[in-house]
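I have placed the structure first, in the form of structure tokens, so that the comments after it can refer back to it.
The values are calculated or read from the model by the stated rules, or taken from the named source; none is laboratory data. In this text, all values refer to a predicted model and were calculated from it rather than measured experimentally. Positions of Cβ are generated from backbone atoms using ideal geometry, with glycine treated the same way; all protein chains shown enter the neighbour counts. Please note that ligands, DNA and RNA were not included when accessible areas were found on the heavy atoms of the full protein model with its side chains. Shrake-Rupley method; radii C 1.70, N 1.55, O 1.52, S 1.80 Å.
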There are 4 protein chains.
Amino acid sequence: MDITPKKGWRTKLHDIIYEADTPGGKLFDLVLFIVIIASILFVMLESVNSIDEKYHNFLDISEWVITILFTIEYIARIITVKKPLNYVFSFYGIIDLLSTIPKYISLIFGGIHALAALRALRLLRVFRILKLARYLGASNNLVNALKASKAKISVFLFAVLIIAIILGTIMYLVEGEENGFSNIPKSVYWCIVTLTTVGFGDIAPQTPLGQFIASLVMILGYGIIAVPTGIVSAEYTAQSKPKKQDTHNNVSLNSQSCENCLAENHKDKADYCYNCGEKLHI
Amino acid sequence: MDITPKKGWRTKLHDIIYEADTPGGKLFDLVLFIVIIASILFVMLESVNSIDEKYHNFLDISEWVITILFTIEYIARIITVKKPLNYVFSFYGIIDLLSTIPKYISLIFGGIHALAALRALRLLRVFRILKLARYLGASNNLVNALKASKAKISVFLFAVLIIAIILGTIMYLVEGEENGFSNIPKSVYWCIVTLTTVGFGDIAPQTPLGQFIASLVMILGYGIIAVPTGIVSAEYTAQSKPKKQDTHNNVSLNSQSCENCLAENHKDKADYCYNCGEKLHI
Amino acid sequence: MDITPKKGWRTKLHDIIYEADTPGGKLFDLVLFIVIIASILFVMLESVNSIDEKYHNFLDISEWVITILFTIEYIARIITVKKPLNYVFSFYGIIDLLSTIPKYISLIFGGIHALAALRALRLLRVFRILKLARYLGASNNLVNALKASKAKISVFLFAVLIIAIILGTIMYLVEGEENGFSNIPKSVYWCIVTLTTVGFGDIAPQTPLGQFIASLVMILGYGIIAVPTGIVSAEYTAQSKPKKQDTHNNVSLNSQSCENCLAENHKDKADYCYNCGEKLHI
Amino acid sequence: MDITPKKGWRTKLHDIIYEADTPGGKLFDLVLFIVIIASILFVMLESVNSIDEKYHNFLDISEWVITILFTIEYIARIITVKKPLNYVFSFYGIIDLLSTIPKYISLIFGGIHALAALRALRLLRVFRILKLARYLGASNNLVNALKASKAKISVFLFAVLIIAIILGTIMYLVEGEENGFSNIPKSVYWCIVTLTTVGFGDIAPQTPLGQFIASLVMILGYGIIAVPTGIVSAEYTAQSKPKKQDTHNNVSLNSQSCENCLAENHKDKADYCYNCGEKLHI
């Protein structure tokens, strides 16, 4: 007796679109990945005047092809999920919508500039595809280490900001408008440029006193870069160690996504969604 | 019999102003935080000519409102503490005073420029409010690690300074005034800009020999940035480990502040100030 | 009875050219090292117009001498190896060929510019000679740590690239062509310049909003530099530790190279190639 | 019977000049430290034209006073050491001589420019005085960690240099003279400026291909900064650990210096020099 029921076309489509361990799912992800990268390249090339003049028609048609492909994908994602609204208002649901609509908007309002940003957001969809990367085990510790150090790094960045504001105000008073420090926000901007060791040089202190304070800012910035690095190093080392002991925690997760509630990270042996109890199709 | 005596209004006010674990204390800290941030924003906006011209009256009135709020707070802090002089001459006492007086000074002397720096110092008061942050346990290890590495980092920065002076003198001789290295202090400034990998580019070597020496300076700077980072990493790792063993040290501290001597970091169960023996009100 | 057969001239030459533990082999490596470094210096000097004008003949003759030396070496490498094709199509075989031919090409096609790049590739041959460095035990752990962190650093760099593209598009919209952000690729370039804290300053944001976003980019870049550093630190620490325990793994390798298949990293006591079974001459 | 013989004036003077644990020795070091710092400040100020014009006489007389003080010290160092030639040809002996002679040279040859560099070398003498710092235990681990990572960091810097030369040659071919990459040495200089994330911006790529390659160089530089940092972190952690176990190694050293051979780092309980057997005066 075959216990697993025969899958309908909707379930099959769901597996292809939302999962990555079947050949169909892998192919779908690969094609989607290529379309997204091509789309981003076209957004970039379109912004280059000389290229846009020559290949305007080609870029326009390509954008229409990509938009239609994304539209089909968006509709397919909606109809293969049991609770479509859950998908529509999820993070990736919104990203998918925003990735699809720019060309339709331009039909109505004309080719407004800001649509380029909307189209660049498509790149975020790559992260969903890179769900695959998680299986490489490459970034798990890294993500945990970053989560563990989030609070500390926030406190650190907040301190950096306070230092930048106070030193920026002082530099504004010392250098003044005639040397490019034309107001406090600009001085604070300069201070961040210097503290982070970026150093554009569009604004640079001219007075000896300003250069002296700038030297202190730079040495300070050079010293405090050690802090976030030290935090991440230590957390990452801490994350790497317990893993060897707690091997019983090392359950392997698969790339399935629940048809009902879109929950991910199911265990390999799971038959039912841990979140809503829906039957999972392996 | 109720052992804890009925609190007077002064004690209640003291709890609200100096502590952060009652609802009143939390609200007070939140309001103060918002006022400080608003105040800093106004200082910044005032320095932007175009904004100051349009909204001069609004910014002027806002500053008066903030000054009056700070004045009330300053007086309240004095009258709710048993030994007011301790507060007045404490670090935060002085900061509080300096935060309050700029507008009064401008009444007498007119709106002198340097008052902006005094007003920016208000930002330091945020650290007192962030006493709350300590409860997140976020920055304790970090602070300890930084304290432990202070001596080593000082020695390191001192060595960097000596390198900068010697190399700066050499660059002054190699490049000379015609290429922007117009005197030794300026050359040393350039050397610090380069060693810390900031690289403004306002002064840059033009002669082949100068560029060769600059390359050495840069590679040196690139190499020695590893030193403070390594120190903090190692110290931070060291700080993180013993904590797990010495759990008996992990007493939880509260945000109370002694009414008498302003000492902080009392243990949760403490009934009397560890510093002066004054009764604490929980 | 002498078991090791008398070595023929080919075997002797093979030992000198491919190995580094005989006096002859060391001398050969040293001479080759000097010739390569001299060759690179000449490539550099030739590109400086003022020097090329003065010493054109000397540089031309030097290049011919070096080319002939490399030709002799290349032929010697081919005839002393049992399977010459293996060598010719190996990585270093191709590099050796490319290092030798530029001057011959210039005879036919004239001194085309791109040959300089071909000649600079000679520098890669230094790594083969630095096979010696491996004996110092200096870089083994380092290489292992870098290999172990390759996947994680790739994921990290990929994330940096996505951030750069999205932020670059936003900066293109905010700043626009009039402030140097003339198209999206250029904005992405600026974003990478800023995220990596290089900060040339050839393009710098001019609008307050652009400077605000730039500040966020810089602080982000300052924060995420901690990630690769933390990864390498942790991996390197991990690589250093097990070594002390698994001393039985610490077999010493020598610099021999199999005459037949060019395999390297033979154990000191090995009599036969671990790869093809060919007898090794010690 | 008093075993320790009465000290002669020479021995007393030796203790004051070469050692730092008597009150006299500490005072001598402090005075010397102040004189050196003052001397460096005068070198700097003298190079500033506007200051030199006003205070030329004061600076000239100060330099004479400092020179005479250094001359006295130099002579005292020679006569209080048993083997003067050992001192004269030691590292600090040469530095002391070079610190003293600039003013005498200027008497003969006039105030030649290069003497400033000679005078800046005086700063190196501060390291001898900071022998004191060693007692703080601050830099010992640090120095050991740096020594342990020296070989690895050299290999790493060598690899960086090879990368810079190859990429510099490619950039020279891609960008060419018209964009500031006027010859290969200059391109290599640019490449080092970029790899080390300094980024002056005096030379910046203008062509799209050049900017693309530059982006790769920057990301590479951003990635490889992790390497030296990781090395020093790991070595420093390794240096910190064994110390706790091997407390029997923790002998305290004093600041004595042997009168005969100038050897330092004697154990606190040592009665005779570990190097030459000379009696030490405590």
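A compact table of results
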item	result
Residue in segment A:174-184 that is open to solvent by 30 Å² or more (accessible area, probe 1.4 Å), free of Cβ contacts under 8 Å to residues at least 40 places away in the same chain, over 26 Å from A:VAL232 (Cα atoms) and of a type in the set (A, V, I, L, M, F, W, C) present	yes
Test: residue in segment A:2-12 that is of a type in the set (A, V, I, L, M, F, W, C), exposed (fewer than 15 other Cβ atoms within 10 Å of the Cβ) and at pLDDT 90 or above	no
Among (1) exposed (fewer than 15 other Cβ atoms within 10 Å of the Cβ); (2) away from every other protein chain (no Cβ under 14 Å), the one test that C:ALA114 misses	(2)
Total residues in segment C:215-241, condition closer than 21 Å to C:SER182 by Cα and facing another protein chain (nearest Cβ under 7 Å)	2
Unique residue being in contact with a Leu (Cβ under 6 Å, 6 or more places away or on another chain) and assigned by TED's automatic domain parsing to the domain that holds A:THR229 when the list is A:VAL188, A:VAL217, A:VAL198, A:VAL193	A:VAL217
Test: residue in segment B:191-204 that is outside any loop (DSSP other than H, G, I, E, B) and surrounded by fewer than 23 Cβ atoms within 10 Å (Cβ to Cβ)	no
Subset of segment B:188-204 [more than 8 Å from chain D (Cβ to nearest Cβ) and more than 21 Å from A:ILE224 (Cα to Cα)]	B:ASP202, B:ILE203
All positions within segment B:205-214 that are at the interface with chain D (Cβ under 9 Å from one of its Cβ atoms) and open to solvent by less than 10 Å² (accessible area, probe 1.4 Å)	B:PRO205, B:ALA214
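Listed here are the residues, each with its yes/no results for (1) free of Cβ contacts under 8 Å to residues at least 40 places away in the same chain; (2) touching a Leu at 6+ places or on another chain (Cβ under 9 Å); (3) at negative phi; (4) of a type in the set (Gly, Ala, Ser).
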{"position": "A:ILE68", "(1), (2), (3), (4)": "yes, no, yes, no"}
{"position": "A:LYS83", "(1), (2), (3), (4)": "no, yes, yes, no"}
{"position": "A:ASN86", "(1), (2), (3), (4)": "no, yes, yes, no"}
{"position": "A:LEU98", "(1), (2), (3), (4)": "yes, yes, yes, no"}
{"position": "A:TYR104", "(1), (2), (3), (4)": "yes, no, yes, no"}
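Residues checked against (1) within 26 Å of C:VAL188 (Cα to Cα); (2) within 14 Å of another protein chain (Cβ to nearest Cβ):
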position: A:ARG10; (1), (2): no, no
position: A:ILE36; (1), (2): yes, yes
position: A:PHE42; (1), (2): yes, yes
position: A:GLU53; (1), (2): yes, yes
position: A:THR67; (1), (2): yes, no
position: A:ASN86; (1), (2): no, no
